[in-house]
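What follows is calculated from the coordinates using simple rules that are stated; it is not laboratory data. Computed from a predicted model, the values in this text were never measured in an experiment. Neighbour counts are summed over all protein chains in view; Cβ atoms, including those assigned to glycine, are modelled from backbone coordinates with ideal geometry.
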Amino acid sequence: MSAAQAAAVDVKITNLTQGIYFTPILIGAHTSDAHLFQTGQAASEGLQAMAEGGSIEALSTTLDSINADKLANPAGGLLAPASSAMGSLTTAENNTTLSIVAMMLPTNDGFIGLDGWKIPTEAGTYHIYLNAYDAGTEANNELVVEGSGAPGTPGIPASPGVAPGTQGAGVTDVEGNSMIHIHRGNVGDDEAVGGKSDLHNTVHRWLNPVAKVTVTVK
């Protein structure tokens, strides 16, 4: 198979965390000069909407505008810890790189990300491990706030799985790095009521990598 040929690709994503859920996942195969995000760069409005509220609509539209091949929401909703989702793409001849994004819940603006991974030209199965990224668009206050999730509205929009704590004071209200960067992880605490965080330090913390991607090129 040459680099200029179309490819049939299966993509499987596995959640490696203990207590973090992934919102609808967006997978795109596109040209090598395109990006859904780049570390060290400011988040686009579409990336911010995904990272803060889980909406992949704007990024999906971006993929359409560049004639990318895409797979949206292969899990049919949230992807729970230790669970996997899989889908297939038939890529156009120029769509030679793969990108993946999904918000992590509960976080303020954390997401899993793969940026422009070159799809191999040889048939086979390949494994990629994904880190957690911080969009740099919202302070990680770790407070679960009803109605949050829209850009510019601080707070974590939901906490699937284990119920969060309440009445936290907030871990922080400012971030020093406003560019996309590796997420420092949730801090959490062990207080069900009060404390700094609404998140649990025995459930909602993680270490990288947070996701495994298995790509099968046919």
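Taken along its principal axes, the alpha carbon cloud of the chain reaches lengths of 58, 30, 25 Å, longest axis first. Subtracting the Cα-Cα distance of V187 and K212 from their residue separation scaled by 0.36 nm leaves 6.7 nm. Other residues within the sphere of radius under 13 Å centred on the Cβ of I128, judged by their own Cβ, net out at +2 (K and R +1, D and E -1). Database remark: amide H of Y129 closer than 5 angstrom to the amide H of V213 (H placed geometrically; neighbours at sequence offset of 5 or more, or on other chains; Pro and chain starts carry no H). Report summary: the helix-based calculation at 222 nm, which adds -39500 (n - 2.57) for every DSSP H run with n ≥ 4 and divides by the residues of the chain, gives -2500 deg cm²/dmol.
For K12, a cut-off of 19 angstrom between C-alpha atoms picks up these lysines, skipping any fewer than 8 places away in its own chain: K70, K118, K212, K218. Site pair A150 and A58 shows an inter-label distance of 1.3 nm when each label is modelled 7 Å from Cα along Cα→Cβ. Normalised by the number of residues in the stretch 108-210, the mean separation of alpha-carbon contacts (under 8 Å, six or more apart) gives a relative contact order of 29 percent. Between Y21 and L105, the built amide H atoms are under 5 Å apart, and every one of these is 5 or more places off in sequence or on another chain.
Taking amide H as placed 1.01 Å from N in the peptide plane, the amide H of G194 sits under 5 Å from that of T166, Q167, G168, each at least 5 places away or on another chain.
Taking the chain as a Gaussian network of alpha-carbon nodes connected by springs under 10 Å, the highest mean-square fluctuation of the residues P160, P106, P74 belongs to P160. Rg over Rh for the stretch 17-113 works out to 0.96, both radii taken from alpha-carbon positions and Rh defined as the Kirkwood radius.
What's the local net charge at E45, with K and R +1, D and E -1, over the other residues with C-beta under 15 Å away? With Lys, Arg at +1 and Asp, Glu at -1, the net is -4.
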